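The values are calculated or read from the model by the stated rules, or taken from the named source; none is laboratory data. On a predicted model such as this, the values are computed, not experimentally measured, just so you know. Every residue, glycine as well, gets a Cβ built from its backbone with ideal geometry; the counts of neighbours run over all protein chains shown.
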Amino acid sequence: MKIGFIGLGNMGAPMAVNLANAGHEVTGFDLTAPCPDGVTKASDAASTAQNADAVITMLPNGDILRAVADQIIPVMQQGAVLLDCSTVDVESARAVAAQAEAAGLLAADAPVSGGVGGAQAGTLTFMAGGSEAAFEKVAPLFDVMGQKAVHCGPSGNGQAAKICNNMILGVTMIATCEAFALADKLGLDRQKMFDVVSTSSGYSWTMNAYCPAPDVGPQSPADNDYQPGFAAELMLKDLRLSQQAAKAVDADTPMGQSATDLYQSFVEQEGGKGKDFSAMLPRFVSRERG
Ligand code: NAD
């Protein structure tokens, strides 16, 4: 396929490289990031999109996605597919898809989980929204860039799945960290806490696979001085998107709101920026009951 790739940052660059290595003809554009080897550099977004069978965007947020979509949709060829893999608000995802479809294009939103490591290794998970035809057209690209793609329904449903998943993740990480901090104060050894909880009804991915306590459980960012991993500010971004969506559809998400508030304080006032999202554990340990 001829692929245009817009947004060659931490995630986009390795995804574009994997597509090029798989034999696709990839042209790329980024405002600031360099064009990686194997990808042909374009001078702007429109020329990246012009002759492409598929245009993939991997951008910071919904406003930027909408601005880029305005530039590329008018020049894309009929029947081509616009595949947005960024994490953006559901409303922007649906608006861009509607704009693309009105112009005779196919559209899919497919945010990812798996982080930079997954992007490099080609093992991302894609959560896709859009028509069956759009999903079928980009499925071979998902196979190159990832290990799993779930078609979650119409446009925007990929973003919906991503923010619901990450709201669970943020809330669960906080619950796991505050329980460890409580255990410390009760004199319960962290390893014993792990041994019990990881095999009891409190088990979770954050406890069992990504334990926030150093030297306990499998290797995780906690064992590397909380270097990310998944940075706290990215968790905050996704939690904010979950609350934006919850407000838009009048959904009651008190735990999601609390997690958003806690990550906001952590990132903006408590030095959490640049640390893994599991660094909530030392944050709880260092605090008194408020
Ligand atoms: P990044 O900031 O490294 O990359 C974004 C790139 O977009 C930058 O290089 C920037 O220059 C470029 N850009 C911005 N505006 C542009 C424009 N108008 N035209 C062309 N390029 C433009 O971010 P990232 O970590 O690669 O994340 C990209 C997306 O993936 C985000 O939506 C993020 O939430 C999501 N995501 C990131 C991770 C992760 O671990 N980094 C994991 C899952 C999802």
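A compact table of results
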| quantity | calculated |
| --- | --- |
| Output for region 119-143, where each listed residue is surrounded by fewer than 17 Cβ atoms within 10 Å (Cβ to Cβ) and either among the hydroxyl-bearing types (Ser, Thr, Tyr) or within 19 Å of Asn10 (Cβ to Cβ) (or both) | Ala121, Thr123 |
| Criterion (under 30 Å from Ala133 (Cα atoms) and in contact with an Asp or Glu (Cβ under 6 Å, 6 or more places away or on another chain)) met by exactly one of Asn157, Asn166 | Asn166 |
| Cβ-Cβ under 6 Å pairs, at least 6 apart or on other chains, region 151-169 side under 23 Å from Ala98 (Cα atoms), far side of a type in the set (Phe, Trp, Tyr) | His151/Phe135 |
| Spans of helices (runs of 4 or more DSSP H) in region 147-248 with at least 1 residues within 16 Å of the ligand (Cβ to nearest atom) and not aromatic (Phe, Trp, Tyr) | 157-185 |
| Hey, Ser278 under 25 Å from Ala161 (Cβ atoms) and crowded, with 18+ Cβ neighbours inside 10 Å or not | yes |
| Some residue of region 121-132 being at pLDDT 95 or above, within 19 Å of Ile6 (Cα to Cα) and in contact with a Leu (Cβ under 8 Å, 6 or more places away or on another chain) | no |
| Any chance Ala22 is surrounded by fewer than 17 Cβ atoms within 10 Å (Cβ to Cβ), within 9 Å of the ligand (Cβ to nearest atom) and either farther than 27 Å from Pro228 by Cα or free of Cβ contacts under 8 Å to residues at least 60 places away in the same chain (or both) | no |
| The one condition in (1) closer than 15 Å to Leu65 by Cα; (2) without any contact (Cβ under 8 Å) to a residue 40 or more places away in the chain; (3) away from the ligand (no atom under 16 Å from the Cβ) that Asp143 fails to fulfil | (1) |
| Within region 1-17, tally of residues that are within 14 Å of the ligand (Cβ to nearest atom) and either of a type in the set (D, E, K, R) or more than 21 Å from Ile72 (Cα to Cα) (or both) | 3 |
| Candidate set: region 27-44, residues that are within 8 Å of the ligand (Cβ to nearest atom) and in a loop (DSSP other than H, G, I, E, B); chosen: the one nearest to Phe142 (Cα to Cα) | Asp30 |
| Output for region 249-263, where each listed residue is hydrophobic (A, V, I, L, M, F, W, C) and part of a helix (DSSP H, G or I) | Val249, Met255, Ala259, Leu262 |
| Region 45-77, subset near the ligand (Cβ under 10 Å from one of its atoms) and among the small types (Gly, Ala, Ser), residue surrounded by the fewest Cβ atoms within 10 Å (Cβ to Cβ) | Ala67 |
| Some residue of region 37-55 being in contact with a strand residue (DSSP E or B) (Cβ under 9 Å, 6 or more places away or on another chain), in contact (Cβ under 8 Å) with a residue 60 or more places away in the chain and within 24 Å of Leu241 (Cα to Cα) | no |
| Looking only at region 84-108, and only at residues there that are assigned to a strand (DSSP E or B) and more than 11 Å from the ligand (Cβ to nearest atom), the one that is surrounded by the most Cβ atoms within 10 Å (Cβ to Cβ) | Ala108 |
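Conditions tested, residue by residue: (1) more than 18 Å from the chain's Cα centre (by Cα); (2) farther than 25 Å from Val116 by Cα.
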site	(1), (2)
Ala181	yes, yes
Ser198	yes, yes
Pro212	yes, no
Val216	yes, no
Tyr226	yes, no
Ser242	no, no
Asp250	yes, yes
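Table: residues versus (1) loosely packed, with under 15 Cβ neighbours inside 10 Å; (2) under 17 Å from Ala183 (Cα atoms); (3) basic (Lys, Arg).
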position	(1), (2), (3)
Thr206	no, yes, no
Phe230	no, no, no
Ser265	yes, no, no
Gly271	yes, no, no
